[in-house]
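Student: Sharing a structure here in structure tokens format.
The values are calculated or read from the model by the stated rules, or taken from the named source; none is laboratory data. Keep in mind it's a predicted model, so treat the numbers as computed, not measured. Backbone-built Cβ (ideal geometry, glycine too); neighbour counts: all protein chains shown. What goes into the accessible areas is simple: the full protein's heavy atoms, side chains included, and nothing from ligands, DNA or RNA. Shrake-Rupley method; radii C 1.70, N 1.55, O 1.52, S 1.80 Å.
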Amino acid sequence: MAMDKKYEPGVIEEKWQRKWKEWNLFRFDADKDKENFSIDTPPPTASGSLHMGHAKNYLEFEIISRAMRLLGYNVFFPVGYDDNGLPTEKYVEEEEGIKREDVGKEEFIKRCGEAADQLELNMTKLFKRIGMSWDWSTLYKTMDKNSIKVAQRSFLDLFDKDEVYRKKDPILWCPYHETSLAQATVEDKERNTKLNYLYFETEDGEKIEVATTRPELLPSCVAVFVHPEDEEHSDLVGKEVKVPLFDHMVPVMESTEVDQEFGTGIVMVCTFGDNADVEMWKENNLPMKISITPDGRMNEKAGKYEGMKVDEAKHAIIDDLKEMDIIFDQESIQQNVGVCWRCETPIEFIPTKQWFVKVLDHREKMLELGSKINWYPDYYINRYRDWVKNLKWDWCVSRQRYYGVPFPVWYCDDCGSTVVAEDEDLPVDPRYDELDYRCPRCGSENLRPEEDVMDTWMTSSLTPQITGRWKRDDDFFEGVYPMDLRPQSHDIIRTWAFYTILKSYLHEQSIPWNDVMISGYVYAKKGVGMSKSKGTGVSPEGVIDENGADCLRYWAAGTKTGEDIIYEQKKVTRGRRILTKLWNASRFVEMHLDDYSDIDIEPEEIDIWLLSRLNDVLEQCEEHYRNYETSKVRRRIESFFVDVFCDNYLEMVKHRLYNPEEYGDKSKQAALQTLYKGLLACIKVFMPIIPHITEEVYVNIFREIEGIKSINLTTWPVIDSELIDDDSKELGELAKDIIEELRRWKSENGMPLNEDLSLVKLCCDEETMTKVEKMESAIKGTMNIEEIRYCSPVGVDEGIDVGDGSIRIKEIQAA
């Protein structure tokens with residue numbers, strides 16, 4: 001085979017993707033006599049199109065998977081899609097312009113499944129184009145039968161261990177999606193709002209001043225609180241005051257939770273405006289008055305405002321309070337409010353019966369386990385720790401949606417008992433499956449199915465168990481679990497990372513993986529994140545069409561682990577220049593390898609310099625790959641390949657390649673062997689980052705000699721220790737510095753770089769002269785110099801300074 005003259009990425013990439021599939025190159029073999037390296041890969045959500053941020057984050061750990069194969073590991077690299085829950089439902093509702101209740105449960109579930117299938121086909125096409133080396137035989141979906149079975153089995157295990165419970169409580173609630181939320185799926189959003197100062201009245205008509213941002217909750221006011229150390233208002237404690245507009249009486253009570261510096265120092269507690277309301281309601285055994293419906297409207301307790309949306313009622317109530325002179329002041333403030341992670345609707349607190357997984361009981365253990373995991377970068381453990389330390393709720397895992405994993409649960413209508421499915425019957429859907437179950441307490445057949453579905457994270461937190469064949473192949477599970485690496489983005493540390501650690505502890509009493517590799521965001525521009533739902537994403541397909549997948553991959557490898565970046569097209573196209581240089585340099589080497597022989601020939605000093613420098617690079621890049629620092633690998637190997645191998649060594653050996661009659665055939669063979677070793681090592685280090693072009697180079701130049709059909713099946717390059725020499729490194733650098741200055745001189749004087757020079761005078765001490773003399777042949781041959789003369793050191797104002805200043809070029813004469 002011979003390399004084409006022109007680098008055509010589209011042709012090359014399609015060819016090798018097809019070949020790798022034919023060869024089953026990345027299929028995991030659990031019986032291989034190699035150490036396993038298992039990756040807990042993030043299943044992308046079926047909720048829209050992928051953008052460059054997704055591509056970068058997935059490629060960062062894809063590169064690691066190839067590097068670990070090269071380093072000798074048996075890599076388990078499974079693939080899955082997260083088509084479960086609210087994100088997919090939201091996508092279907094928005095794309096089809098429907099609401100779930102409009103089409104009914106079964107039809108809506110069907111449409112969600114169809115939409116997820118199409119989205120996953122689109123994602124699969126893209127993932128294959130960018131060269132994801134997943135083991136596609138492991139493909140799973142979080143709504144397939146096995147994943148549902150694993151999620152339900154997890155629930156049953158937690159149920160048996162008393163780690164789940166069901167109760168009615170004020171719960172975080174999204175009025176838009178009409179479902180409960182977990183603390184981790186509520187995000188803070190800053191907004192401008194008004195702090196309203198208004199009058200309450202005591203029984204004897206005395207006005208007291210209360211400040212609130214939520215006057216729409218006045219119908220739900222159940223108490224007013226002051227601080228025990230508030231002397232100004234201490235006389236109010238024990239009295240009752242009348243709530244404006246709604247005229248019901250509420251007690252004035254004391255609490256150290258009152259912030260005396262906020263508003264007037266008197267606060268109203270409603271059921272429920274925020275978490276503080278919930279806590280004070282519980283602590284003081286207050287009554288419950290709910291005035292907001294699950295769909296975010298005012299109910300009958302709101303009187304004439306019944307039926308209004310919450311925000312609409314807020315404005316109407318403020319208008320009425322102003323008209324009655326009850327509001328006496330308003331202050332503009334910045335406020336952080338909790339919003340739904342998917343639709344950004346402000347959350348409410350709605351008392352409903354929900355399933356919870358115990359979290360608060362295990363906070364200290366979660367901190368301990370987090371410390372046993374290696375975080376890359378290490379500072380991201382602080383985000384994990386902060387989240388765990390600030391947990392206030394157990395994990396609410398039930399959702400009032402249609403498309404999700406059903407709970408394997410029924411309720412006895414006769415005695416109220418909870419009935420759970422048997423493991424051998426999993427997966428089950430109590431809403432539709434007819435099973436011959438009876439209540440174990442009273443024997444009744446009158447069982448009512450649980451209508452709620454599980455939080456999507458209940459399944460996603462089990463990705464190691466799903467891919468590791470938990471509870472169905474113990475030997476396989478033990479071989480890959482705990483997994484070696486969890487790659488993920490930093491925004492889901494509080495969800496995916498935390499919940500997976502929690503589940504691993506509750507099920508296996510262990511950590512789920514040894515390492516976590518964190519990816520950063522890609523912003524479309526400053527302050528604007530890439531988002532498939534908001535239309536701010538840049539499509540990877542267009543980038544690939546224009547530049548090729550390897551070019552995209554080269555860009556993806558350039559970001560520091562965990563770092564956020566702004567997308568710049570010029571940084572993508574920059575990679576094309578490097579790829580073209582690799583192509584051209586490889587063609588140059590290929591052109592000369594017809595005369596290659598692997599017989600044992602002693603290399604020259606400049607060859608040893610190249611190999612010694614290369615050895616340093618290999619050691620550094622191996623360490624960087626093992627530390628998941630792909631950007632450092634890219635920077636180091638690019639610098640070596642461009643600056644050392646191409647721009648210097650190739651030029652330093654051309655005279656030996658083209659003039660064997662003058663320099664000898666052994667000299668030519670030594671140069672060819674060094675070129676062979678150097679280029680092969682470079683493409684191996686490059687391979688995890690740019691696998692298509694390196695495969696093409698390998699197959700055309702090296703496969704026949706190496707005897708291995710794919711570069712992906714080769715091992716990490718090693719330089720023979722006998723060819724590594726620190727003295728030669730010093731000599732080579734000396735020669736390189738002299739050659740660079742001579743090139744610069746020729747260029748500044750308008751001379752072709754290959755033009756002959758009759759004389760070069762070098763001024764240096766005797767020790768340096770001895771070193772230069774060892775490299776004379778390389779210097780002369782590279783720069784076409786007839787004679788080099790030496791003279792004693794001269795002053796800094798004479799000649800051209802070389803390198804560290806130990807040499808000065810005093811005179812150059814053209815031929």
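Student: Which pairs, out of Lys570/Lys677; Lys56/Lys189; Lys168/Lys358, put more than 21 Å between their alpha-carbon atoms?
Tutor: Lys570/Lys677; Lys56/Lys189
Student: Measure up Lys99/Lys560; Lys149/Lys309; Lys353/Lys503; Lys365/Lys632; Lys5/Lys32 against 31 Å on the Cα-Cα distance and list the ones that go over.
Tutor: Exceeds cut-off: Lys99/Lys560; Lys149/Lys309; Lys365/Lys632; Lys5/Lys32.
Student: Computed FRET efficiency, Cβ-Cβ of Tyr523 and Asn122, R0 25 Å: what is it to the nearest 0.05?
Tutor: The calculated FRET efficiency here is 0.60.
Student: Report the label-to-label distance for Asp162 and Asp102 in nanometres (one decimal), using points 7 Å from each Cα along the Cα→Cβ vector.
Tutor: 4.8 nm
Student: Could you work out the mean projected area of the convex hull around the alpha carbons of the stretch 640-702, in square nanometres to one decimal?
Tutor: Mean shadow area of the hull around the Cα atoms is 4.4 nm².
Student: Any chance you could run the full-extension gain for Glu8 through Thr580? It's 0.36 nm times the residue separation minus the Cα-Cα distance, nm to one decimal.
Tutor: So the chain would gain 205.0 nm between Glu8 and Thr580.
Student: Next question, about the same structure. Hey, what's the chain come to in accessible area per residue, 1.4 Å probe, Å²?
Tutor: Roughly 43 Å² per residue, with all protein chains present.
Student: What is the distance, in nm, between label points placed 7 Å from the Cα along the Cα-to-Cβ direction at Asp545 and at Asp643?
Tutor: 3.8 nm
Student: Now for a separate question. So which aspartates and glutamates pass the test for Lys242, namely a Cα distance under 15 Å, with those fewer than 8 places away in the same chain ruled out?
Tutor: By straight Cα distance, Lys242 reaches Glu201, Glu203, Asp204, Glu206, Glu209.
Student: Another one. Among (1) 1.00; (2) 0.97; (3) 1.11, which is the computed Rg/Rh (Cα atoms, Kirkwood Rh)?
Tutor: Read-out taken from this structure: (3).
Student: Another question, then. With a 1.4 Å probe and all protein chains in place, put Asp82, Asp600 in order of accessible area, largest first.
Tutor: So, going from the largest accessible area down, we get Asp600, Asp82.
Student: Which lysines have a Cα lying under 17 Å from the Cα of Lys6, excluding residues fewer than 8 positions away in the same chain?
Tutor: In chain and number order, the partners are Lys15, Lys581.
Student: Using the crude model of +1 on Lys and Arg Cβ and -1 on Asp and Glu Cβ, and no other charge, please compute the dipole size for the stretch 1-127 relative to its Cα centre, in debye to 20.
Tutor: Charge dipole of the stretch 1-127: 760 debye, to the nearest 20.
Student: While we're looking at this one, here's another question. By a straight-distance test (C-alpha under 16 Å), which lysines pair with Lys654 as possible cross-link partners, with residues fewer than eight away in the same chain excluded?
Tutor: Of all the lysines, those that pass the test against Lys654 - Cα under 16 Å, at least 8 places apart if same chain - are Lys666, Lys668, Lys736, Lys780.
Student: Assuming 0.36 nm per residue, please report the length gained on full extension of the stretch Lys372 to Thr770 beyond their Cα-Cα distance.
Tutor: 137.7 nm
Student: Just flag the GluC sites (Glu not before Pro) in the stretch 292-377 sitting in loop per DSSP whose Cβ has no more than 16 other Cβ atoms within 10 Å.
Tutor: Glu306, Glu344
Student: Roughly how many Å is it from the Cα centre of the stretch 313-342 to that of the stretch 7-30, as a whole number?
Tutor: 60 Å
Student: OK, next. Can you give me the % of accessible surface on the stretch 217-371 that is carbon or sulfur? Probe 1.4 Å, all protein chains present, nothing else counted.
Tutor: That share works out to 44 percent.
Student: Full-extension gain between Thr573 and Ser510, please, as 0.36 nm times their residue separation minus the C-alpha to C-alpha distance.
Tutor: Difference between extended and current length: 18.2 nm.
Student: Within the set of other residues whose C-beta is less than 10 Å from the C-beta of Gly113, count the net charge using Lys and Arg as +1 and Asp and Glu as -1.
Tutor: Local net charge: 0.
Student: Moving on to the next point. Which values of log₁₀ I(q)/I(0), to two decimal places, follow from the Debye formula for the stretch 669-815 at q = 0.20 Å⁻¹ with a uniform point scatterer at every Cα?
Tutor: Taking Cα atoms of the stretch 669-815 as identical point scatterers yields -1.10.
Student: Within the stretch 205-281, list the chymotrypsin sites (Phe, Trp or Tyr not before Pro) lying in a DSSP loop whose Cβ has at most 14 other Cβ atoms in a 10 Å radius.
Tutor: Phe262
Student: Only sites in a loop by DSSP and with at most 14 other Cβ atoms within 10 Å count here; which trypsin sites (Lys or Arg not before Pro) in the stretch 153-246 make the cut?
Tutor: Loop-located and lightly packed - Lys161.
Student: Same structure, new question: For the stretch 36-87 and the stretch 100-136, write down the distance between their C-alpha centroids in whole Å.
Tutor: Distance between centres, Cα-based: 17 Å.
Student: Hey, what number do you get for the chain at 222 nm if only DSSP H runs of n ≥ 4 count, each worth -39500 (n - 2.57), divided across all residues, to the nearest 500?
Tutor: -12000 deg cm²/dmol
Student: Just to confirm my numbers, what's the Cα centroid distance between the stretch 475-503 and the stretch 267-312 in Å?
Tutor: If we compute the Cα centre of each part, the gap is 39 Å.
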